[in-house]
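The values are calculated or read from the model by the stated rules, or taken from the named source; none is laboratory data. Values in this document were obtained by computation on a predicted structure and should not be read as measured data. Please note: Cβ atoms are built from the backbone with ideal geometry, for glycine as well, and neighbour counts cover all protein chains shown.
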Amino acid sequence: MKALFICDNKEEWTKLSQLFMGNFPKVELICALNGHDALEHLSYEGPFAIVMIEASIKDDDPSLLGKEVLDTVGERPIIFIGTKAFIKDRVDDDLYNNHPINGIIYNPYDAENFKDVIGQSLDWAKQEEFEESIEEMDRDDLLPMRIRNFYMFKIVPYDVYLELTQTKFIKIIKRNRPYTHSKIQTYAKKNIKNLYLGKNDFILMLEEGIKKVTENLLQKNQSNVKYLGNQIRGALIIQQYIRAIGVSDDIQALCSLIIETTDRIFRKQGNYKNLFDDIPFKNGDFAEQAIMTSYYCEAILHNLGWKSDLSRKKLGLASLLQDSTLSNEDLMKVDGPQDPNLQMFTKDEQDEFLTHPIKAAEIARHFQGYSEVDFVIAQQHERPDGTGFPFGVTVNKLSAHSCAFILASTFVCRFAISKRTPEDKIRILDQLRFEYNVGNFKETLQALEKSIRV
């Protein structure tokens, strides 16, 4: 185990080193002159079981430094060392009292006081299963993730590592343990671009799924049914991956491939009806909805004469990400915040539903090359009269792209919770004409209708 001592008096380093050698010889003591040096050690040489701060340190406020340490590395013992006068004047009582694992060692040192405080802290560290700081690992056992992904979560079910060399890594977050965003910000400020997840069976399963779907979509001369089936499998993987892990290069590549395949199949298909009939829609789940929405978006773009690749990519990604943060698929049956059915779900699920357009938009910002797609996704549930959510904007605040996506997504969702007959399609289309036939929705509604009434 390691302990960190922050003190600007090197004579105190020697005294404390001798105390550790005599009482806790297996603990490696590392000393830092100031808070800046200490945070460097915490970032690259940990994990440290104990952090000790000299109360008389000149260039730092010991209480503020203690809080910064906790924000950076998470909960662990902070021990303040110094004379009673310095402890009284410079150590925040709340910081000490609100963290039972914190301690005080008075100077001049008392051997029993030292052994008691350090011993209790080490016992806590052992219960927390602190491990050796630096590990040699095979890169194939790790999944690189852009550091900004970690702002999406407060806890992850994987160990998280920082790369030191090609083969050496340091564990900075333990699986299923809360971490602070300020800790992530500390590494981001050092221009660190990626952190690494330790792969478990679930990650390996998703990676294998990405590989197989990619191989199948790249094969030539398959039937539409096979392409569409693989697109749906790909959409399911994307949704599972984003909820559990975040956005990786592999997921961005898979989304791009599905969007390109959608365009290729649509252009190749001469008959709309045959194409939409080929889309597997047995369950009407989020993955099937994502793919069907993307094809209706393609149809709307085609019927409007919009040939821009950016428009196609924007609506394609919006289709794939729209419900990616929802964990309960029964939420698709909820029409909005005022729907009484929303009360049938747990408080967490209700909050999840009400915020999912914004959260999906935040995820979209992690994708490169999809201009303004976050705005389109965030407006998924808006309505012309301002009764939608989460913003309640009216039709004059909605772009043509947003209108196209809203209509395609709403049509597909309503079809998913119906009996899914041809008559249901016409009935839902009539509903949309009654509710949405205004402003920028007019032309896009006509384009959607043209793809259904064939």
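Residues in segment 60-80 that are in a helix (DSSP H, G or I) and of a type outside the set (Val, Ile, Thr): how many?
The number of residues fulfilling the criteria is 9.
One residue is enough: does segment 19-27 have a residue meeting the conditions touching a residue at least 12 places away in the same chain (Cβ under 8 Å), basic (Lys, Arg) and surrounded by fewer than 16 Cβ atoms within 10 Å (Cβ to Cβ)? Checked segment 19-27: at least one residue is touching a residue at least 12 places away in the same chain (Cβ under 8 Å), basic (Lys, Arg) and surrounded by fewer than 16 Cβ atoms within 10 Å (Cβ to Cβ). Being surrounded by fewer than 18 Cβ atoms within 10 Å (Cβ to Cβ) and in contact with a Leu (Cβ under 9 Å, 6 or more places away or on another chain) holds for only one residue in Ile210, Ile155, Ile192, Ile173, and it is Ile192. One residue stands out among those in segment 1-49 that are more than 38 Å from the chain's Cα centre (by Cα), assigned to a helix (DSSP H, G or I) and acidic (Asp, Glu): the one that is nearest to Arg76 (Cα to Cα), which is Glu12. Consider segment 342-362. How many of its residues are farther than 25 Å from Val376 by Cβ and either of a type in the set (Gly, Ala, Ser) or in contact with a Leu (Cβ under 9 Å, 6 or more places away or on another chain) (or both)? Result for segment 342-362: 1. Residues that are in contact with a helix residue (DSSP H, G or I) (Cβ under 7 Å, 6 or more places away or on another chain) and in a helix (DSSP H, G or I) within segment 245-267 comprise Asp250, Ile251, Leu254, Cys255, Leu257, Ile258, Ile259, Thr261, Thr262, Asp263, Ile265, Phe266, listed in sequence order. Evaluated against (1) assigned by TED's automatic domain parsing to the domain that holds Asp60; (2) in contact with a strand residue (DSSP E or B) (Cβ under 7 Å, 6 or more places away or on another chain); (3) not in a helix (DSSP H, G or I), Pro108 falls short on exactly one condition, (2).
This table checks each residue for (1) in contact with a helix residue (DSSP H, G or I) (Cβ under 9 Å, 6 or more places away or on another chain); (2) among the polar types (S, T, N, Q); (3) under 23 Å from Leu317 (Cβ atoms).
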site: Gly386; (1), (2), (3): yes, no, no
site: Ser399; (1), (2), (3): yes, yes, yes
site: Phe405; (1), (2), (3): yes, no, yes
site: Ser418; (1), (2), (3): yes, yes, no
site: Gln431; (1), (2), (3): yes, yes, no
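For segment 276-310, a tally of residues being under 22 Å from Leu217 (Cα atoms) and part of a helix (DSSP H, G or I) returns 19. All conditions in (1) under 27 Å from Gly35 (Cβ atoms); (2) modelled with pLDDT under 85 hold for Glu129, with the sole exception of (1).
Across segment 402-447, the qualifying residues are those that are without any contact (Cβ under 8 Å) to a residue 12 or more places away in the chain and among the acidic types (Asp, Glu), and the one among them that is farthest from Val376 (Cα to Cα) is Glu423.
The single residue among Leu64, Leu39 that is touching a residue at least 24 places away in the same chain (Cβ under 8 Å) and not charged (D, E, K, R) turns out to be Leu39. Residues of segment 180-221 that are among the basic types (Lys, Arg) and under 26 Å from Arg233 (Cβ atoms): Lys199, Lys211, Lys212, Lys220.
Going by the conditions given, is Ala287 under 24 Å from Gln368 (Cα atoms), among the small types (Gly, Ala, Ser) and in the same structural domain as Val160 (by TED's automatic domain parsing)?
The answer is no for Ala287.
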